[in-house]
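Structure record follows, encoded as structure tokens.
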């Protein structure tokens, strides 16, 4: 699916990705037949609640799924090449270089006993041994400036715990940008930050992608974050993609009952004094998924048809939905 | 940082004083020192003379005061057995003990850390399970028995290494050391390994536990996400974090090494402080006992101080927090 | 929900169960027996304790019966026969005693001293730790300061100092061992009591105006048991090892009641002339005892500590 309409191959094309966790209690299909494309300069929001498999999808792409998890099927085409089966050494050359990742909690992302400059310089030197230490230091300094950190020279010599949360995350972003990657996977990068900082970072992220053509996957549980940022959106539930499409289209006319439930529960949609809508029930455990549609226990429209597993259909142009009863009408208020 | 050091120094001095009081009280007030000095037939006059000459007729606080004043000047009394200054005797034998302890410490670090980190990185591997079971054996086996077995196997049965004593010594900066000679090394090997065994096991378990905790931390995953080689992730990111608890414990355990050398020195007839103290306890040589205890206390206090300082150097979070506070 | 009744069971640290017939103890037992090594160790330990308790019934001879011991039999290698037809399976020691018998009695003494001092030290240490954690403030600081200072010195040193002061004798050794060990228990119990103290059920109990002593012993203590049990096993092994070491060094138990340590020490002189068995076999017995206790303690720790479940 190529939403931006240009003819280049997408930077990233995930096809039927399967990542399973083999635990004592059973097999959890954390990523179950997930497919999406991200083009150059495009921002895709990967949305879902905790346990939906969105973070694991991110880790599967970059090859950092740890046992008992394993990528067991599908393809990850990065610039046309399938990297899903690559071994660790080959992936090391891509990571931090052509594909970068930003984690959620800036507190623990940076090694507390190493200086910031060490952690930045090593990222550069890991991928280009010909760079001199001074040049690497200069580039690090510039990167810090680029993300809006004041007095970068002093900051370089500091330790992570001397930074505030927002600054630490900017630092992590700076590290991700050091080698000018083609793809950035951001796993809930602003969840741990306060709203004003979040807004700034979102704005800068968008600007960056437009300017440099970097593709960005923004993983989050917060629809509001995605709303102002992404070009397209994929909604995940219980390891599966349930709805996918252009961002504005989906937000205006969501078709899957889960997406509608999510949108309905965003404050601001309700008139004052009304109870906030809540999707009834709880996310099922991935090890004990019900047969058929994973959402049927919580869905107001479920019937016997939902006992079979729904496949992806396209009820509307450029929209993927996994549901037997896509809701085509306007959402009730 | 300086404030920190000064504060710790003052605490240390306090501890030394308290310990000196306890040592003095314990050794001098419990048990009758006169009995040890005179033969059974001595009459009252003889006893009085001894009591006076040792100052035992004075009240205890005066005795303590004398003790402290003398101690500060380096006079901790004369050994009953050797007739010389107790302090001097101990200091003379210190290098041997320290040499042994340092050799054991070195082994613990060089052998223990790599094994522990390996076991932590691959907990399911068979080698790891062997290492862990070995470590349990290591700290279960009573040191003295292992020493005996070493002597039996390597010295008596195989004849590879000498069984007792210290080897040839060579002066190094005024102290006589034996590890610089081949003979010295041959004599040093068995006792050092014996002493180190317990510590190696400890370090292995520490390193393994630390590794298992650290390996799951976000910053390790982030380091991998940056594309750093596995080697760098382990040797730099992991190691630096592991060193903190390991060094702390090792530092504190160094004091234990010195104390435990008592056993190894007895088994291998190594001429250090340890053997001296055992002989002194059995021979009721009070001044030497007191002097030994005081020295040990000093050594411990210094070690604790050094470890605290080292800890704050290794962990920037501690160091910089102290500056603010 | 932390109800008081639930926590009287010793292994309260386990997760809530669905309504099955499994009791917490059965689950604990199953988890413990999961490790073959630990199970073997437990069995071995059981055998050793049995032997120690019924020493007089099991031992082939009574090694302290001077009438039966003859110097003619001394230093005989394993497997040799005595003058009256008895086989010395493991040889004899320097005084002519059958080594097997000496070892069994020695085991009894080693285990007895170790366990007894351990139990008393546990009682004292646990009480002190509980009091420190419960009352907090200056009391706690003072107590923990003492504990820390004592723990910063290695146990063997503390033992040596105590023995230098107290002199020789079985009771002195036991006292020394108790003093060496109590601090570990105090620190462990205080640590877990601190965590428990802040939990709601203690608050609830305090609101009900239940007396301090009752809160301490019936509510707080049972929840601190898991780490205490683990420390207990490991410390007991340590105490046994320490006593053996002290006896070996000659400052431990007197010659009239030889523990395994003293037996080993007696054999030391004969080793260089090749009569290894006098030191070797008691050493093996000591070793097996300590290792089994440690293995059991290790498995206990893994089972009782949920945090390590990775």
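Thinking of the stretch A:148-213 as a set of Cα atoms, what percent of all their pairs are more than 17 Å apart?
Beyond 17 Å sits 43 percent of the P(r) for the stretch A:148-213.
Show me C:192-198, B:122-128 ranked by packing, highest mean number of other Cβ atoms within 10 Å first.
C:192-198, B:122-128
If you count, for every residue in C:250-262, the Cβ atoms of partner chains within 10 Å of its Cβ, what is the mean?
1
Per-residue counts of other Cβ atoms within 10 Å, averaged by peptide: what ranking do you get for A:216-226, C:25-35, highest first?
Highest-to-lowest ranking by the protection proxy: A:216-226, C:25-35.
For the stretch B:114-169, what are Rg and Dmax over the alpha carbons, in angstrom?
15.9, 46
How much of the DSSP bridge set in the protein assembly as shown is antiparallel, in percent, rounded to the nearest 5? Provide the component values of the computation, followed by the final result.
Values: 38 of 57 bridges.
Just about 65 percent of them are antiparallel.
Which distance in Å, rounded to a whole number, links the C-alpha centroids of the stretch C:150-222 and the stretch B:186-211?
29
Sorting B:265, A:89 on the 10 Å Cβ count, fewest up front, what's the list?
A:89, B:265
To the nearest whole number, what is the average tally of beta carbon atoms from other chains within 10 Å of the beta carbons of peptide A:61-67? Write down the numbers at each step before the final one.
Working: counts 0, 3, 2, 4, 0, 4, 1.
Taking the mean over all residues of the peptide, I get 2.
When the expected Rg is taken as 2.2 N^0.38 Å, what fraction or multiple of it is the alpha-carbon Rg of the stretch C:97-303?
Scaled against compact globular proteins, the figure is 1.19.
In peptide A:109-117, how many Cβ atoms from other protein chains are near each Cβ within 10 Å, on average?
Details: counts 7, 4, 13, 7, 12, 7, 1, 0, 0.
What the average comes to for A:109-117 is 6.
Using the 2.2 N^0.38 Å rule of thumb for compact globular proteins, work out how chain A stacks up: its C-alpha Rg over that value, please. Write out the running numbers ahead of the final one.
Working: Rg = 20.6 Å, N = 333, 2.2 N^0.38 = 20.0 Å.
With N residues counted in chain A, Rg over 2.2 N^0.38 Å equals 1.03.
Relative to the longest principal axis of chain A, what angle (0 to 90°, nearest 10) does the C-alpha long axis of helix A:195-212 take?
80
Please list log₁₀ I(q)/I(0) at q = 0.12, 0.21, 0.25 Å⁻¹ for the stretch B:175-268, using the Debye equation with identical point scatterers on the alpha-carbon positions.
-0.57, -1.00, -1.21
Within 10 Å, count the other beta carbons around each residue, average over each peptide in A:312-325, C:200-213, and list them highest first. Don't skip to the end; give the middle numbers.
Working: A:312-325: 17.4, C:200-213: 12.0.
Averaged packing, sorted descending, gives the order A:312-325, C:200-213.
Where the eigenvalues come from the Cα gyration tensor of the stretch A:53-184, what are the semi-axes √(5λ) of the equivalent ellipsoid, largest first, in whole Å?
Here the semi-axes work out to 28, 17, 12 Å.
Any chance you could give the angle, 0 to 90 degrees and rounded to 10, that helix A:116-127 forms with the longest Cα principal axis of chain A?
With both axes taken from Cα atoms, the answer is about 80 degrees.
Count the DSSP beta bridges whose two residues both fall in chain A, then state the antiparallel fraction as a percent rounded to the nearest 5.
Details: 31 of 50 bridges.
Close to 60 percent.
Could you work out the equivalent-ellipsoid semi-axes for the stretch A:195-333, taking the square root of 5 times each eigenvalue of the Cα gyration tensor, largest first, in whole Å?
Largest first, the stretch A:195-333 gives 28, 19, 15 Å.
Starting with the fewest neighbours, write out C:241, B:140, A:50 ranked by other beta-carbon atoms found within 10 Å of each beta-carbon. Mind showing how you got there, number by number?
Working: C:241 29, B:140 24, A:50 9.
Sorted ascending by nearby Cβ count, the order is A:50, B:140, C:241.
Defining a contact as two alpha carbons under 8 Å apart and six or more residues distant in sequence, what relative contact order in percent does the stretch C:97-303 show?
28
What is the projected area of the convex hull of the Cα atoms of the stretch B:235-302, averaged over all directions, in nm²?
Mean shadow area of the hull around the Cα atoms is 5.9 nm².
Specify, per residue and in Å³, the volume enclosed by the convex hull of the alpha carbon atoms belonging to the protein assembly as shown.
Enclosed volume per residue, from the Cα hull, is 237 Å³.
Values in this text are rule-based calculations from the coordinates and carry no lab data. Just so it is clear, the structure is predicted and the values come from calculations on it, not from any experiment. Please note: Cβ atoms are built from the backbone with ideal geometry, for glycine as well, and neighbour counts cover all protein chains shown.
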